[in-house]
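One structure below.
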Amino acid sequence: MQIIRPIIRRGGAELARKVGSERFKLLYDIYHMQIMEGNLIDTIRKNKDVIGHYHTGGVPGRKDLDDRQEIYYPAVMRTIKETGFKGFVAHEFVPKNGLRSLREAVKICDV
């Protein structure tokens with residue numbers, strides 16, 4: 001997963017723009033991007049045209065999307081919605097309470 005930072009910062013977004021195809025988009029892994037560089041909302045806004053999919057996960061530890069982690073997902077999800085994104089957001093975390101945790105994640109991310 002160490003290639004994520006160079007993809008956004010050092011050419012992935014530029015490459016996707018040069019390709020110019022709706023079939024060539026980037027995966028924005030919110031969990032990893034928070035760990036590697038932060039500034040999630042600004043980065044999402046600046047690269048909305050080349051992001052085709054999102055992954056979630058609580059930081060630290062890829063845990064539930066609750067109030068014990070550092071990403072405030074309601075704000076991140078509102079930003080994604082404001083960009084006009086119509087695709088899917090995948091939950092990629094280890095739920096501590098099984099289906100209850102997954103239901104809560106869907107509720108938080110359903111904007």
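Some notes on this structure:
- Number of Lys-Lys pairs in the chain with C-alpha atoms under 13 Å apart and a separation of 8 or more places or on different chains: 4.
- Across all Cα pairs in the chain, the calculated P(r) in 10 Å bins from zero up to the longest distance comes to 14, 48, 30, 7, 0 percent per bin.
- Residue separation of ARG45 and GLU82 scaled by 0.36 nm, minus their Cα-Cα distance, works out to 12.4 nm of gained length.
- Extending 7 Å from the Cα toward the beta-carbon at both VAL106 and ASP66 defines two label points whose distance is 1.9 nm.
We did not get these values from a lab; they are worked out from the coordinates using the rules stated. If you're wondering where the values come from, they're calculated on a predicted model, not measured in any experiment. Don't worry about glycine lacking a Cβ; one is built from the backbone with ideal geometry, like all the others, and counts go over all protein chains shown.
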